[in-house]
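To start, the structure itself, in structure tokens.
The values are calculated or read from the model by the stated rules, or taken from the named source; none is laboratory data. Small disclaimer: the values here were computed from a predicted structure and weren't measured. A quick note on method: Cβ atoms are made from the backbone with ideal geometry, for glycine too, and the neighbour counts reach across all protein chains shown. Protein only, heavy atoms only, side chains kept; ligands, DNA and RNA dropped before computing areas. Shrake-Rupley method; radii C 1.70, N 1.55, O 1.52, S 1.80 Å.
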Amino acid sequence: MITAGCDIGSLTAKAVILKEGKILASEVILASAQPEKSATDVMKRALEKAGIKMEDIQYCVGTGYGRKHIPFMNSEESEIACHARGAVWQVPTARTVVDIGGQDAKAIRVDEKGNVERYVYNDKCASGTGRFLEIIADSLDIKLDDMGSISEKATEKLTLSNQCVVFAETEIISLVNDGKEIADIVHALHQAVANRAASLARSILVESDAVMTGGVAKNCGMFGALERALGVKLHKVEYPQINGALGAALFAADKVNGTGR
Amino acid sequence: MFAAGCDIGSLTSKAVIMKDGKIIESVIIKSKARPWESADEVMNIVLSRAGLTMKDIPCCVGTGYGRDKIPFVHEAVSEIACHGKGARWLVPTVRTVIDIGGQDCKALRLDDQGNMVKFITNDKCASGTGRFLEVMAKVMHLNLDELGEMSTRSKQPITLASACTVWAQADVIQHLNDKVSIEDIAAGVNNAMASRMSILANNIGLERDVCMTGGVAKNDGVVNALEKQLGIRIKRIRREDPQIAGAIGAALFAAEKAKGGAR
């Protein structure tokens, strides 16, 4: 049995192909302005990697904010449900999922089967989302992907007093002008973003074990900062960014098995 | 008797000199990196224009976010108190004051004696502060005055989906790329600003008369939109520049202090 999941986010599009409960192939691309095109492109590349054709996919579930526009999907599922499902598949003991995406952040409490118990969502404020990191990376003229390794070189503890991205950007510029080290600033930034995401998570009561998903989880500095902010053991997942697409592919397998909703 | 008020804000610094209850000179400058540098400069300008020196001023009160860092002031008084005091001097019937600063916004209510009844401030989020307009004006390549005027010429204002400055900026850029008219975007920006301010104002409960202080009070687009959203007329301050209301309040406190009166 081969199924697929396709997650069209605001910044990236993800696809996962599952075969008999194993990941056969996955792909992440930058999203284009048209969600249809992002979906078609990312799936085409995942299929090529897997060495199969669209006809081989028995069922495809779509998710993400652009899911309505995925031309080839058989049904759709909410991002929350997909992230919960994917996280529990990756870490069976997971009870809290914190997903930090490019433009949003979510915290989900799940039961042992991966069903959603409670969740909270922020897409109203850029603070605590990946966008915060992106904007500061831009103003510090460093690469987003390098932020994790840069923060590991931090020696002096700095604290950002602003939560708002706009105000924090100004604060960071004055820290640079005051001669503070970039590594220390990035370290403080990670903690600020993590604190904001953690306060979101605390509103649904964080239960151990927690996992972090979303593209931001690839940043090792953010991972450590979130673990400190949450105060519980945080698990690394093997596939943080494709977690939603993975959950979608698992729902697709349920459909084929006749166990789906 | 002379009295001076000095309001050191994040973006602009203001100084006012009063003599026997009348304003004889006032100055607004862009703030410098350090509050004490701003204070020195704005005070030197206002004194030289008035033909006075610091020795002529028996009392100077400081306010604004940098108020504790002004070397020459005799006392520092909170912005809330100064804006309330200044607004009441400008509009004696005022009961609700909405002040929009460069990086914060406040709403305050006064009783019929001018005593503070209630206040609320936001300095945590850039939305609804002068900073929001500044960011939007920058991506639109307009100055703040132009942004305010353009609203009146808009036929179909855009709606910004989010109050967050970061998301709204992305929205504005999208509309610019979509070749939406600059007037319609400007009107949408001013409406969004007003709607965020109205949340704050409604929170403390509006009482007539309502007036606005701070630089944004000079932006007709925002003031008109706020009137519409609150469903209440906002009394325009015409006696003086609404941006110096805080410094006026500070000068009034200074005059009271010099007289030995309580505030």
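When the Cα centres of segment B:39-92 and segment B:201-263 are compared, how far apart do they sit, in Å? Cα centroid of segment B:39-92 versus Cα centroid of segment B:201-263: 17 Å apart. Using heavy atoms of the protein chains and a probe of 1.4 Å, the accessible area assigned to B:Phe72 is about 40 Å². Solvent-accessible area of A:Tyr239, all protein chains in place: 70 Å² (probe radius 1.4 Å, heavy atoms, ligands and nucleic acids excluded). Summary of the geometry: segment A:71-142 and segment A:192-261, compared by the centres of their Cα atoms, lie 6 Å apart.
In whole percent, and with a 1.4 Å probe on the protein chains, what portion of the accessible area of segment A:82-129 is carbon and sulfur?
Values: 830 of 1790 Å².
In segment A:82-129, the share of accessible area belonging to carbon and sulfur is 46 percent.
Against the criterion of solvent-accessible heavy-atom surface with a 1.4 angstrom probe, B:Lys19, B:Lys179, A:Lys106 sort, most first, into B:Lys179, B:Lys19, A:Lys106. Nearest 10 degrees is fine. How inclined is helix B:220-230 to the longest principal axis of chain B, computing both from alpha carbons? It works out to around 80 degrees. Take the Cα of A:Ser199, step 7 Å toward its Cβ, do the same at A:Asp146, and the gap between the two points is 3.1 nm. Across the protein chains, with a 1.4 Å probe defining accessible surface, the residues B:Asp104, A:Asp145 rank A:Asp145, B:Asp104 from largest area downward.
In chain A, the longest principal axis of the Cα atoms and the axis of helix A:35-50 are about 70 degrees apart.
Among the listed pairs A:Lys19/A:Lys255; A:Lys124/B:Lys218; B:Lys14/B:Lys85; B:Lys22/B:Lys69; A:Lys180/A:Lys218; A:Lys106/A:Lys153, those with a Cα-Cα distance over 22 Å are A:Lys124/B:Lys218; B:Lys22/B:Lys69; A:Lys180/A:Lys218; A:Lys106/A:Lys153. Beyond 23 Å, the tail of the calculated P(r) for segment B:35-162 holds 52 percent of the Cα pairs. Taking the longest Cα principal axis of chain A as reference, the axis of helix A:79-90 is set at about 90 degrees. For the residues A:Gln163, A:Gln34, A:Gln58, a GNM of chain A with alpha-carbon springs under 10 Å puts the largest fluctuation on A:Gln34.
Restricting to Cα atoms and excluding each atom paired with itself, what does the Kirkwood estimate give for segment A:122-230 in Å? Display every interim value, and only then the final one.
Details: mean 1/r = 0.0719 Å⁻¹.
With all distinct Cα pairs of segment A:122-230 included, I get 13.9 Å.
Debye-formula intensities of chain A, expressed as log10 I(q)/I(0) at q = 0.09, 0.10 Å⁻¹, are -0.40, -0.49 (one equal scatterer per alpha-carbon, no solvent). Given a cut-off of 19 Å, what percent of all Cα-Cα pairs of segment B:131-258 lie beyond it? The calculated P(r) of segment B:131-258 puts 52 percent of pairs beyond 19 Å. Buried surface for the B/A pair, taken as the accessible area of each chain alone minus that of the pair with a 1.4 Å probe, is close to 1000 Å² in total. Rolling a 1.4 Å probe over the protein heavy atoms leaves A:Phe132 with an accessible area of roughly 0 Å². With all pairs of separate Cα atoms included, the protein assembly as shown yields a Kirkwood hydrodynamic radius of 25.6 Å.
Dividing the Cα radius of gyration by the Kirkwood radius, what Rg/Rh value follows for segment B:1-93? Intermediate values should be presented prior to the final figure.
Values: Rg = 12.2 Å, Rh = 13.0 Å.
For segment B:1-93, the value is 0.94.
For chain B, the gyration tensor built on C-alpha atoms gives a prolate shape. Its axis ratio a/c (a ≥ b ≥ c) is at least 1.5, and a/b is the larger of a/b and b/c.
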